[in-house]
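Values quoted throughout were computed directly from the atomic coordinates according to the rules given, and no laboratory measurement underlies them. Here the structure is a predicted model, which means the values were calculated and not measured. Heads up, the Cβs are rebuilt from the backbone with ideal geometry, glycines too, and the neighbour counts pull from every protein chain shown.
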Amino acid sequence: MSYEYFEDEEWYPVYSPKFPAGSVVAVTADNQLDKQGFPGISTKGWHGRVEEALTDGNRVIYSIELDSPTIAALPEAFLKMLCEESPLPSFEFLAEELQTASPRDTIEEATAAQRAVYHRYFWGDIEKDQQATRIHRIMMKNPSSSDLDNWLDFFRNEVQYPLPAVAAGLIFTQLPHGTPVEVVGIEGVDEEDCFGIIASVKKGRAIISYPLMELGPASEDARCWPIKDYQYWADFML
């Protein structure tokens, strides 16, 4: 088992795996996590759902997303370590380290538990950092929904418009860097090019569609926090 043991290998999808994507499995291997600095933690008995199966031509490994009871049983310090630099990772096991198991939660419950952990630790100390606190609250409004769905809910139901902003001009040159604009509404999510939330932006008399990720706050005033927080989130997630 490892989310690091197989990094240097060439792996390809398995088209008829023993455990298809979405299968619930239990870990039978008694792998100790002493190497990660957490003595006493064993992978035996972990449960999760298969994300994908990969092969190097000889071995087959399975990426497993942990279920909510497994996450709840893991030490807080271990979860914090996993999520301080990236969202809660999948764990990789060889086929012989797994067996078929019965579900212990729903997919929605597992997703909510995974998101609760990484949003608890990834953005900073939610007890002391106000921005981390704000992002955590937004992301946990609907725990089993995606980040973008939670942002849409926030911008559509909690934000008062217009929002003063400035164009970042990093990807789109339609608005040069530093151009002052106003966000007057939210149109939806760009599904095709992965630019995230698309806003209605007013420049002079014109209103254009523009990715919210390409806008920055016009000031440090609390009125601009929604844009500042979304831009910070987008820097990592988009």
**OP:** Using packing as a proxy for protection, rank 46-52, 142-148 so that the peptide with the highest average count of other Cβ atoms within 10 Å comes first.
**Re:** 46-52, 142-148
**OP:** Calculate, for THR100 and MET237, the FRET efficiency according to 1/(1 + (r/R0)^6) with r their C-beta to C-beta distance and R0 41 Å; round to the nearest 0.05.
**Re:** 0.80
Subject >> Among ASP193, ASP105, ASP34: highest mean-square fluctuation, GNM of the chain, C-alpha pairs under 10 Å >> reply: ASP193
Original post:
Roughly speaking, what is the centre-to-centre gap between the range 91-114 and the range 187-238 when only Cα atoms are used, to the nearest Å?
Top reply: 35 Å
Original post:
Say R0 is 41 Å: what FRET efficiency, to the nearest 0.05, do ASP30 and ASN142 get from their beta-carbon distance?
Top reply: 0.65
Subject >> Sum of -39500 (n - 2.57) over DSSP H runs of 4+, divided by residues of the chain (222 nm, nearest 500) >> reply: -8000 deg cm²/dmol
**OP:** Calculate the dipole size of the chain relative to its Cα centre from +1 charges on Lys and Arg beta carbons and -1 charges on Asp and Glu beta carbons; express the result in debye to the nearest 20.
**Re:** 860 debye
**OP:** Would you work out if the range 96-157 is rounded, prolate or oblate? Take a ≥ b ≥ c from the square roots of the eigenvalues of the alpha-carbon gyration tensor; rounded if a/c is under 1.5, else prolate when a/b is larger than b/c, oblate otherwise.
**Re:** oblate
Original post:
Which distance in nm do the two modelled labels at ALA73 and GLU187 give, with both placed 7 Å along the Cα-to-Cβ direction?
Top reply: 4.9 nm
Subject >> Shape of the range 133-238, Cα gyration tensor, a/c cut at 1.5 >> reply: prolate
Original post:
Taking the Cα atoms only, what angle lies between the long axis of helix 130-139 and the longest principal axis of the chain, rounded to 10 degrees?
Top reply: 70 degrees
